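Structure first, commentary second.
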Amino acid sequence: MLFFKSGPKKSRRMLARPRLEPLEDRVVPAFFGPVSYVADAREVVVADFNSDNLQDLAVTLPGWVPGSVGVLLGNGDGTFDPVIRSTAGYSPRALTVGDFNGDGDLDVVVAHQGTYDLSVLLGNGDGSFSALSAISIGSEATAMAVGDFNVDGKLDLGVGSNIFIPEEYDPETGQWLGHYEGFATVLLGRGDGSFGAPASTALGQVGYHVRASVGDYNGDGHLDLAAAYTVLLGDGAGNFPDMMGGYPTGDFPPYSVSGDFNRDDIVDIAWANRSSNTVGVARGVGNGVSYAAENFPTGALPIWLATGDFNRDGWLDVVTTGDFSGDVSVLLNDRTWPPPPQPSVSIYFGAAVGEGMSAPRQPRST
């Protein structure tokens, strides 16, 4: 058992952002019930791994010795073929995808639980992988995302990671009590499947899971990196000189994805609710997110998720994988838009609430 000590984050330059008010007339998306593919899976990503123009799934499979990456090739009707396994090294967990060596076949990068290493697996174009190579980043990665941060045409990595800081030994349990310090790490790609030296930014005290996602969050035309509950603002040259507060969602340190689920040309957000076995969806309002969330059932203990149009009907669907349960659940968008419940939460850019932290803080400049 771990004890996460509350306390202030390290000071850093912050950019204030406005409060986002709810819009009452938006609708929230709905999904059919899940179809589960039990594959001892952890994180899931969506991509076309065999170049047949159908969306496939890739998952990490830490229960196999050695650990594996599994690919489920899509049939284009919302169903998937049995898993294809490729060796991925010790206890693979987090996963991301991209063509890192420029050969036209999709590759994956895997993070390993309990280590400070990442592994690059080069795709063979048929759903399998080879050429395992290791990268050390100095902390344990829990989530990764891909983007071209320095606009050189080569894919880079953004990583959310942590280091456990022990504080007190508990002789009754034989375990150390302590907290996690979070990091956002950027590795610039060289275009040949290798990456430059990691550049890390300390995030202060966090929970174990430090999520990571990439997008232009402040609308300046440069890719930014969101990690834990902070957004690092990119300058277009691979540097991240400024930050702004992020926002949490869900009932467990969440992995979230974005997409336009109700086709109103505004980005929505979906996340996994591990303790309630649901996916939550929040509607976008154009310049951020303010929502009345609606939850949809999944398999047991969902934690990782991704989106794609699995049945080619033009509407985004959701896939989740379960923490320890191994369930892979596909939720097909049913294209109906019931009236939303009354908004109960307004999201603030600049709020900072994390596992082991106290109440929200208003955005401020320092």
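Counted residue by residue at 0.36 nm each, then reduced by the alpha carbon distance between them, the extension gain from residue 200 to residue 52 reaches 49.5 nm. Here the simple spin-label model places points 7 Å from the Cα toward Cβ, and for residue 239 and residue 263 these points are separated by 4.5 nm.
Rounded to the nearest Hz, the phi-derived 3J(HN,Hα) couplings of region 312-321 under the Karplus curve 6.51 cos²θ - 1.76 cosθ + 1.60 (θ = phi - 60°) are 6, 9, x, 10, 6, 10, 10, 10, 10, 10, where x marks glycine and proline. Mean projection of the alpha-carbon convex hull of region 36-158 over all orientations, in nm²? Mean orientational projected area (region 36-158, Cα hull): 7.5 nm². With N as its number of residues, region 173-245 has a Cα radius of gyration that, divided by 2.2 N^0.38 Å, comes to 1.30.
Proximity of backbone amide H atoms, modeled 1.01 Å from N, is registered between residue 268 and 259, 260, 261, 284 at under 5 Å, excluding neighbours fewer than 5 places apart on the same chain. Take the Cα pairs of region 89-171, get the Kirkwood Rh, then feed it into Stokes-Einstein at 10 °C and 1.306 mPa s and tell me D in µm²/s. Result for D is 114 µm²/s.
All of the numbers you see were taken from the coordinates with simple rules; none came from a lab. Quick caveat: nothing in here was measured; it's all calculated off a predicted structure. Because the Cβ atoms are built from the backbone with ideal geometry, glycine has one as well, and the counts that use them run over all protein chains shown.
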